[in-house]
Amino acid sequence: MNFDGTATLFRKEVLRFWNVAFQTVAAPVLTSVMYMLIFGHVLDQRVEAFPGVGYTSFLLPGLVMMSVLQNAFANSSSSLIQSKVTGNIVFLLVTPLSHGAWFAAYIGAAMVRGLAVGAGVLAVTIWFAPLRLAEPWWILVFATLGAGMLGALGVIAGLWADRFDQLSAFQNFIIMPMTFLSGVFYSVHSLPGLWQAASHLNPFFYMIDGFRRGFFGVSDVSPLLSLAVVGVSFLVVAGIALRLLATGYKLRS
Amino acid sequence: MQTSHRTSSTAPVAVHFDEVSKVYQGARGSLRALDGVSFDIQQGEFFGLLGPNGAGKTTLISVLAGLARATGGRVTVMGHDVVSDYAAARKALGIVPQELVFDPFFSVIETLRIQSGYYGIRRNDAWIEELLAALGLSDKAHSNMRQLSGGMKRRVLVAQALVHRPPVIVLDEPTAGVDVELRQTLWAFISKLNREGHTVLLTTHYLEEAEALCGRIAMLKQGRVVALDSTSALLAGRASTMLRFKTDDALPAAIAAMARVTGRTVQAKAHDAAEVETMLATLRSSGVKVEDLEIGRADLEDVFLEIMQGGAAAEPAGVAA
């Protein structure tokens with residue numbers, strides 16, 4: 001494998017968002033802070049999601065994970081669609097890099113951006129509410145797997161979309177609803193039975209729930225079940241992304 | 001019927017096209033862009049690939065570069081199959097694309113270092129600086145790509161294609177819409193690389209460039225090779241004399257039927273002096289006033305038009321160099 005080539009593509013993808021970090025890192029951090037200030041202020045005294053856990057404390061890990069997921073997706077998808085639309089992807093297509101190298105570099109950089117934004121959100125919001133680290137390994141496992149899965153999903157969306165509005169539709173009609181309906185802002189136990197059942201079909205729910213488990217030591221479902229669902233989801237999405245890259249889907253005519 | 005075109009040269013083969021075909025499937029049916037294209041380019045050659053728009057030049061180059069997959073046939077670069085041994089084939093190939101494409105996030109030198117890294121070459125600054133100097137880009141090294149003029153961006157494309165020192169260089173209409181200075185800089189540099197042993201494959205609509213630079217030329221029409229020969233043989237084997245003049249008057253029918261008219265300029269081919277005299281007599285008798293009359297040898301444009309105006313996918317004009 002061309003390790004230097006793969007590392008170069010990874011570094012380029014990281015530089016691509018880091019060169020405009022104000023837009024790609026600082027802006028999503030600010031958005032999350034706004035969510036926390038508004039929802040936290042309104043609901044902190046009215047909602048107790050877990051026993052002994054205030055709403056703002058409950059909300060905080062959800063916002064961190066939501067930022068990780070959305071930004072991991074944004075990185076790989078926007079990079080691919082921009083390169084395709086502007087045409088500069090030709091200089092990547094003519095290189096000896098394998099589809100595995102593309103996958104590793106795009107997913108790796110997406111994970112770096114997702115985790116960087118997540119860390120930024122955590123660093124800024126942690127001062128607003130008490131937070132524990134009950135089982136920190138789950139935090140690392142679910143943040144990493146979630147960022148990887150959304151990075152792979154971003155590769156699929158970036159390859160599929162021919163125009164920016166198609167990518168935007170993918171983001172607004174698939175990623176956004178799945179994220180918002182995953183329990184970022186509430187515990188699924190507070191939902192009616194039908195919606196509880198529907199939430200359990202959403203892999204994003206398991207990412208958020210497992211991630212939150214790392215902070216509070218309690219969760220809506222077993223973290224092992226969440227790990228199994230997220231792990232299998234990651235393998236399926238990554239497999240599809242790898243297959244599309246290997247066949248040159250919408251890249252090589 | 002298609003004919004395989006091989007050169008008689010004993011030089012090792014740099015690029016080998018063997019019965020390459022490409023069919024694009026669309027909603028309104030299929031389009032055969034390449035139809036059994038076969039020829040070799042020897043190492044060290046400066047080879048021209050000519051044809052009108054839609055002839056299949058860019059498709060052939062796309063297949064060579066791995067940007068498109070051939071429907072049939074086989075292509076190798078320096079002996080490496082572009083599908084089964086794509087990594088080695090692509091390392092041997094440097095492509096200058098037709099469109100002005102660039103990554104707006106990076107400076108010129110960052111772009112070149114990144115491109116070099118894709119090929120696994122990390123410490124390449126000496127060659128990158130040489131490229132920048134040769135292409136007149138040294139003072140733009142730290143400029144963002146967005147800040148460059150079209151001509152400067154074109155130079156960066158050339159540098160990107162050469163950053164890994166490929167033995168085979170493909171230039172897909174590199175001088176389209178660029179100024180004289182860049183053309184001269186570019187051709188001086190590419191000619192130097194060719195003298196040093198690099199193989200060059202050029203597609204261009206500027207036939208005077210192809211005539212001046214290319215030792216051998218293939219012409220494509222509707223996806224098939226219709227001529228393949230040395231440039232000198234192509235020129236010698238066709239209409240050898242051209243009568244050129246300017247006029248504001250209507251041409252007599254006999255001359256109008258065979259002449260190429262561009263604005264006021266009229267060009268008509270003649271095979272010998274008697275034919276020239278006949279044409280001049282016809283013009284005189286018709287009362288056509290001519291200016292700037294000259295009689296010269298046919299150039300590549302004349303040969304190109306003659307071949308292209310012939311039957312579709314005719315037998316090649318030549319098969320050996």
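The values are calculated or read from the model by the stated rules, or taken from the named source; none is laboratory data. As the structure is a computational prediction, the values presented were derived from the model and not from experiment. Reconstructed Cβ throughout: ideal geometry from the backbone, glycine too, with neighbour counts over all protein chains shown.
Computed values, structure above
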read-out: Count of residues meeting criterion [over 18 Å from B:VAL170 (Cβ atoms) and either surrounded by 23 or more Cβ atoms within 10 Å (Cβ to Cβ) or out of contact with any strand residue (DSSP E or B) (no Cβ under 8 Å at 6 or more places or on another chain) (or both)] in the stretch B:26-48; value: 4
read-out: Among residues of the stretch B:135-150, those that are surrounded by 17 or more Cβ atoms within 10 Å (Cβ to Cβ) and either at pLDDT 95 or above or out of contact with any Ser or Thr (no Cβ under 8 Å at 6 or more places or on another chain) (or both), counted; value: 3
read-out: Within the stretch A:141-170, tally of residues that are touching a residue at least 24 places away in the same chain (Cβ under 8 Å), assigned to a helix (DSSP H, G or I) and surrounded by fewer than 19 Cβ atoms within 10 Å (Cβ to Cβ); value: 3
read-out: Test for A:PRO223: is it modelled with pLDDT of 90 or more, farther than 18 Å from A:SER67 by Cβ and not aliphatic (A, V, I, L, M); value: yes
read-out: Matching residues, the stretch A:198-248, being touching a Lys or Arg at 6+ places or on another chain (Cβ under 8 Å) and not in a helix (DSSP H, G or I); value: A:GLY217, A:SER219, A:GLY248
read-out: Members of the stretch A:73-84 that are in contact (Cβ under 8 Å) with a residue 40 or more places away in the chain and within 13 Å of another protein chain (Cβ to nearest Cβ); value: A:ASN75, A:SER78, A:SER79, A:LEU80, A:LYS84
read-out: All positions within the stretch A:20-32 that are surrounded by fewer than 15 Cβ atoms within 10 Å (Cβ to Cβ) and within 14 Å of chain B (Cβ to nearest Cβ); value: A:VAL20, A:ALA21, A:PHE22, A:GLN23
read-out: Near pairs, Cβ below 7 angstrom, 6+ apart or cross-chain, from the stretch A:171-185 (closer than 16 Å to A:GLN196 by Cβ) to any residue that is modelled with pLDDT under 85 and of a type outside the set (Gly, Ala, Ser); value: A:PHE185/A:PHE39
read-out: Residues that are of a type in the set (Gly, Ala, Ser) and not in a helix (DSSP H, G or I), drawn from the stretch B:96-144; value: B:SER107, B:GLY120, B:GLY136, B:ALA141, B:SER143
read-out: Helices (runs of 4 or more DSSP H) wholly inside the stretch A:8-114 containing at least 2 residues that are under 15 Å from the mean Cα position of the chain (by Cα); value: A:27-43, A:55-86
read-out: Residues located in the stretch A:85-99, provided they are touching a residue at least 40 places away in the same chain (Cβ under 8 Å) and out of contact with any Leu (no Cβ under 8 Å at 6 or more places or on another chain); value: A:VAL85, A:THR95, A:PRO96, A:SER98
read-out: Test for B:ARG165: is it basic (Lys, Arg) and part of a loop (DSSP other than H, G, I, E, B); value: yes
read-out: Residue match in the stretch A:43-52 (condition: at pLDDT below 90, surrounded by fewer than 22 Cβ atoms within 10 Å (Cβ to Cβ) and among the aliphatic types (A, V, I, L, M)); value: yes
read-out: All positions within the stretch B:96-130 that are touching a residue at least 60 places away in the same chain (Cβ under 8 Å) and more than 8 Å from chain A (Cβ to nearest Cβ); value: B:VAL96, B:GLN98
read-out: Residue in the stretch B:93-100 that is more than 24 Å from the chain's Cα centre (by Cα) and of a type in the set (A, V, I, L, M) present; value: no
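One line per residue, one yes/no per condition, for (1) without any contact (Cβ under 8 Å) to a residue 12 or more places away in the chain; (2) within 14 Å of chain A (Cβ to nearest Cβ); (3) not in a helix (DSSP H, G or I):
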residue: B:VAL15; (1), (2), (3): no, no, yes
residue: B:LEU34; (1), (2), (3): no, yes, yes
residue: B:ILE41; (1), (2), (3): no, no, yes
residue: B:SER62; (1), (2), (3): yes, yes, no
residue: B:LEU67; (1), (2), (3): yes, yes, yes
residue: B:GLY73; (1), (2), (3): no, no, yes
residue: B:ARG90; (1), (2), (3): no, yes, no
residue: B:GLY94; (1), (2), (3): no, yes, yes
